[in-house]
Amino acid sequence: MSLSPAGPPLLSARDVKVHLRVHRRIVKAVDGVDLDVYPGQCVGIVGESGSGKSTLGRAMTRLLPNVEIAELSGSVRFCGDDVLAMSSETMRALRRHRGLSMVFQDPLSYLNPTLRIDRQLAEALRHLGDRRAVQQKSAELLQQVGLDDSARILRLYPHELSGGMRQRVLIAMALAPDPQILVADEPTTALDATVQYQVIQTLRRLNKERNLAMLIITHDLGMVAELCDQVYVMQGGKIVEAADVFTLFDAPQNAYTASLLAAARRLHQTKVLGSAATP
Amino acid sequence: MPAEPSVLLSVPQSLSRSRTSASLDLLRRLFRTRFGGIGLIILVVISALSAFAPWFASNGPMDLGSPALQPPSWQHPLGTDSLGRDVRSVLLYAGRSSLTIGFCAAAMAFLIGGTIGAMAGYFRGAVAAVLLRVTDLFHTLPAIIIVLFSVSLMGSSFWLQVAAVALAIWPIEARIVYGQFITLSEREFVLAARAVGLSTFHIIFREILPNALPTVIVQVSLDASTAILIEAGLGFLGLSDPTMPSWGEMLNRGQEFLELAWWMSVFPGMAICIAVLGFNLFADGVTEMFNPRASAVAPKLEG
Amino acid sequence: MLRHIAGHMAQAVLLLISVVILIFCLLQLIPGDPIQAMVGDMPVPPALRASLEQRFQLNEPFFQRLYSYLVNVLHGDLGYSMNYRRPVFDILAERFPRTLLLAGVGYAFGLLIGITIGIQSAVTPHRSVDQAWSSLVLIGYAMPTFWVGQLLVMGFSIHLGWLPTQGMGPMISRASGVDWLLERAAYLVLPVATYTILETTRVARFMRASVRETLEQGYIVTARQKGLSRREIIMGHVVRNSILPVITVMGYSFGTAMGGAVLLETVFSYPGVGSLMVEAVRARDTQVIVGVVILIACSVVVMNIVVDLLYAWLDPRIRVSSAQG
């Protein structure tokens with residue numbers, strides 16, 4: 001966990017704008033965002049639904065969905081190269097070898113239901129060449145995310161795994177190119193509470209043991225408190241506050257941030273103490 | 001997704017005024033879709049041409065006066081057929097029966113299939129199982145076969161033809177309505193209506209049906225186009241009502257003269273094509289209106 | 001999985017029996033003299049009437065007759081055609097393979113081409129390409145199949161003289177071996193082409209919609225993220241998953257192809273089951289009509305079973321699996 005980063009940022013966004021055309025209107029999903037992730041740092045982006053945080057994450061990894069884009073501008077520098085300005089060829093090579101990988105919210109739909117896990121993992125490992133190396137590395141990757149029974153899991157289909165296992169498989173796939181950063185968009189939202197804990201622990205372990213930088217996009221402030229070093233708060237497509245995690249939780253500068261925190265605390269109280277505690 | 005829950009539950013008195021402006025609004029939206037407006041125009045035009053055939057045709061459909069088998073000319077823009085009839089005139093009059101049969105058959109299929117589908121979808125359980133089996137039974141047989149079988153049993157006057165074609169296409173309608181009932185009855189506004197204690201009748205007719213309407217309109221439109229194609233086939237085989245000219249029947253006559261008089265076959269076929277296109281484009285337009293997919297965007301597969 | 005398939009087969013058999021029962025009941029509803037209906041458009045001598053009455057147990061109660069009818073059908077006895085003076089089963093056995101050849105080959109080609117066009121249409125980054133293909137397919141879909149046949153005949157046979165207009169083969173032929181095959185093939189080109197066009201338009205539309213849906217799925221994003229090329233994504237993920245819905249309706253669309261046989265065999269004067277049906281309807285030869293209907297119902301049902309097997313092979317989700325948590 002690095003509180004005071006040294007050296008240049010790993011991932012750096014400057015004035016990123018993503019304007020989408022939806023039903024003849026322009027929606028400014030992301031409207032001028034600056035953001036930095038340093039090596040080994042875990043950064044969180046929080047906000048409500050519609051704040052643009054998911055769109056930002058997907059724009060930074062060039063994985064925007066099939067929506068009509070009115071404007072996509074700004075720069076996203078990854079190890080010095082502007083991801084947004086690259087050709088598709090270069091981007092693909094970057095994805096295969098250096099990895100700007102992303103994990104999403106609903107693991108079931110992000111895995112191909114008709115293919116076995118080993119085949120889907122192998123797709124991410126083709127740069128290794130021969131089959132045995134691929135098999136070995138696949139098993140290693142699964143073990144890294146805490147799925148020790150790798151031999152059995154590799155032969156299964158996605159629907160035969162539990163939600164938490166699926167999400168960890170997707171994380172394993174994202175780790176295939178030995179990346180320096182992992183982007184996660186609501187990685188635990190679709191999972192049960194106990195499973196959420198497992199996944200969060202996995203992420204934390206990866207961050208600490210491999211010095212893997214992370215960009216976690218979420219509305220779950222609890223997860224942010226557990227995992228992140230630096231937090232950005234988004235509202236209406238803009239960053240309204242950026243601070244390290246301790247400062248943010250103890251002394252938020254922005255009113256919106258304060259209201260988010262207050263709401264989260266109320267929710268937490270209700271959960272812990274039951275409905276009697278609701279004001 | 002179907003449109004938002006009906007507003008019929010709330011203010012009945014302001015309905016009359018809002019209905020006309022609501023219809024105009026719908027029309028406007030239809031014309032904004034890619035081809036929906038064109039489809040509607042085609043339908044209106046061919047219906048008008050057929051309905052007002054006497055105005056547009058130079059002769060009556062039974063006039064055998066002209067010289068036979070003449071290629072298209074100024075006098076007979078689409079030529080004349082083997083009986084000495086002006087093809088253009090026959091085409092217009094034939095449109096009447098072809099279009100009417102198509103539409104009536106679709107409507108009948110909707111009534112039969114829709115009722116069965118609705119019953120299966122609402123009552124579920126054993127009722128649904130039996131009804132679905134029957135639907136499957138009819139679905140297994142190809143349309144032409146069912147139609148031929150019915151015609152051989154019952155004959156082929158106008159209404160019997162309509163019934164035969166309806167018999168062939170009702171399973172599709174039944175499945176669609178059944179599907180709509182299944183999805184819609186799970187939605188919140190129906191559960192809410194049930195919780196408040198509204199009668200079954202009310203729920204079916206004022207909650208579920210208005211929301212199933214767009215899908216139903218689309219399906220009826222598609223059924224009409226299918227019905228026209230089936231009826232054309234029937235006519236082509238010479239098994240349609242001999243007292244009424246129809247496009248299919250014109251193609252039947254044309255079959256003998258493929259070598260000598262291409263215009264006898266080409267133009268009726270084109271007419272059928274245009275009619276079917278009209279229904280299909282209209283149906284696509286309505287689908288796009290209520291289901292505004294990102295149909296405009298090319299998929300991203302790289303980069 | 002075997003239990004799954006056995007279940008479907010049992011349903012299929014039940015369906016077939018229901019079809020036969022339904023037809024039988026409908027036949028009872030024909031007004032007028034059942035013997036006349038059976039015989040067709042010819043006068044019935046009294047001796048024949050008596051023997052037919054006895055043979056078909058026309059004086060027995062309803063369920064007795066139904067039972068005998070079912071038993072007969074199961075034994076392959078589909079009655080006797082007065083029109084052709086042959087057992088119905090024999091006529092069908094002679095003509096069905098011809099129809100199968102035509103419809104089968106046309107259907108297969110149509111499926112392949114339609115799937116290809118559908119995929120192309122849906123994945124192309126150029127909207128104009130998609131528009132062009134979609135318009136072409138829509139127009140093709142709107143054309144009545146027999147009209148397409150007529151157009152092809154007019155174009156290629158009459159106008160250009162490349163191919164024969166009708167029939168299955170030349171009247172007299174002294175060719176043998178490869179020549180024989182080529183001779184026959186010429187007669188089949190146009191009918192098969194018509195079938196192909198029919199099936200292509202149906203499949204292409206459906207496939208395009210299916211591919212578009214697949215492209216919205218999450219695993220396509222995962223694939224992009226892994227750095228797969230366009231071609232790899234299409235081949236490895238899109239095709240396999242998009243084909244599944246198309247396969248589910250293959251059984252019924254095969255039925256439509258068989259239905260098309262009725263019309264196309266008339267256009268091309270091809271002596272198959274389709275033209276048989278038309279002749280039988282004209283001659284009011286009820287036994288043959290019923291025989292054809294049962295035959296086609298059978299083939300659709302069989303096709304559905306094949307489709308079930310195919311689908312189970314392709315989609316692991318419906319196989320019985322040992323689910324682990």
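Structure summary
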| quantity | calculated |
| --- | --- |
| Amide H within-cut-off set for A:Asp31, under 5 Å, with H built and near neighbours excluded | A:Val18, A:Lys238 |
| Acute angle (nearest 10 degrees) that the helix C:178-215 long axis makes with the longest principal axis of chain C, alpha-carbon atoms | 50 |
| Relative intensity, log₁₀ I(q)/I(0), of the range B:125-172 from a Debye sum that treats every alpha carbon as a point, q = 0.17, 0.31 Å⁻¹ | -0.51, -1.05 |
| Of the DSSP H helices in chain A, those whose Cα atoms cover at least 15 Å axially and whose Kyte score averages -0.5 or more | A:163-174, A:255-273 |
| Within-11-Å neighbourhood charge of C:Ala12 [Cβ basis; K, R +1; D, E -1] | -2 |
| For the range A:1-154, fraction of C-alpha pairs farther apart than 20 Å, in % | 61 |
| In nm, spacing of pseudo-spin labels at B:Ala195 and B:Ser73 (7 Å Cα→C-beta vector) | 7.7 |
| The range A:167-267: proportion of alpha-carbon pairs further apart than 19 angstrom, % | 45 |
| Kirkwood Rh (inverse of mean 1/r, distinct Cα pairs), the protein assembly as shown, angstrom | 31.9 |
| About the Cα centre, charge dipole magnitude for the protein assembly as shown (Lys/Arg +1, Asp/Glu -1 at Cβ), debye | 1140 |
| Angle in degrees between helix C:250-267 and the longest Cα principal axis of chain C, rounded to the nearest 10 | 60 |
| Dipole of the range C:96-324, positive direction: furthest Cα of C:Leu136, C:Ala312, C:Ile220, with charges on the beta-carbon | C:Ile220 |
| Largest to smallest principal axis extent of the C-alpha atoms in the range B:162-271, angstrom | 71, 22, 17 |
| Tensor-based shape of the range B:36-195 (alpha-carbon gyration tensor, a/c under 1.5 rounded, otherwise prolate or oblate) | prolate |
| Lys/Arg +1, Asp/Glu -1 at C-beta; chain C dipole; positive extreme among C:Tyr84, C:Val302, C:Leu52 | C:Val302 |
| 26 Å Cα-Cα reach of A:Lys17 towards lysines, excluding residues that sit fewer than 8 places from it in its own chain | A:Lys28, A:Lys53, A:Lys238, B:Lys300, C:Lys226 |
| DSSP H segments from chain B that extend 18 Å or more along their own axis, Cα-based, with Kyte-Doolittle mean of -0.5 or above | B:15-32, B:36-51, B:87-123, B:125-140, B:158-185, B:209-236, B:263-290 |
| Net dipole in debye of chain B [+1 Lys, Arg Cβ; -1 Asp, Glu Cβ; about Cα centre; nearest 20] | 860 |
| Share of pairwise Cα separations in chain A, more than 27 Å, in percent | 41 |
| Which of B:Ala106, B:Leu78, B:Leu27, positive extreme of dipole for chain B (C-beta unit charges) | B:Leu27 |
| Student exercise, chain C dipole from Lys, Arg, Asp, Glu Cβ charges, in Debye to nearest 20 | 880 |
| Helical contribution to [θ] at 222 nm, DSSP H n ≥ 4, -39,500 (n - 2.57), averaged over the protein assembly as shown, rounded to 500 | -20000 deg cm²/dmol |
| Loop GluC sites (Glu not before Pro), the range B:216-301, which have at most 14 other Cβ atoms in a 10 Å radius of their Cβ (DSSP) | B:Glu259 |
| Burial ordering of B:Thr115, B:Thr80, fewest other beta-carbon atoms within 10 Å first | B:Thr115, B:Thr80 |
| Residue order, fewest to most surrounding Cβ atoms within 10 angstrom, among C:Met207, C:Met250 | C:Met250, C:Met207 |
| Reciprocal mean inverse distance between Cα atoms of the range C:96-324 - Kirkwood radius, Å | 19.7 |
| Mean separation of Cα contacts under 8 Å, 6 or more apart, over the residue count of the range C:96-324: relative contact order % | 27 |
| Where only alpha carbons of chain B are counted, the Rg and the Dmax (Å) | 22.5, 73 |
| Placed amide H near A:Met234: partners under 5 Å, 5+ positions off or other chain | A:Val46, A:Gly47, A:Val240 |
| Histogram of C-alpha separations across the range C:115-167, 10 Å bin width, % | 23, 31, 28, 17, 1 |
| Rg to Rh quotient for the range A:1-92, alpha carbon positions, Kirkwood Rh | 0.99 |
| Sequence-distant residues sharing a close amide H with A:Val103 (under 5 Å, placed H) | A:Val183, A:Ala184, A:Asp185 |
| Selection of chymotrypsin sites (Phe, Trp or Tyr not before Pro), the range B:60-134, meeting DSSP coil and at most 10 other Cβ within 10 Å | B:Trp74 |
| Burial ordering of A:Leu221, B:Leu132, fewest other beta-carbon atoms within 10 Å first | B:Leu132, A:Leu221 |
| Sequence-separation-based contact order of chain A, relative, with Cα cut under 8 Å and 6+ spacing, percent | 25 |
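Coordinate-derived values only; no laboratory data. On a predicted model such as this, the values are computed, not experimentally measured, just so you know. Cβ sites come from the backbone with ideal geometry, for glycine too, and all protein chains shown count toward neighbours.
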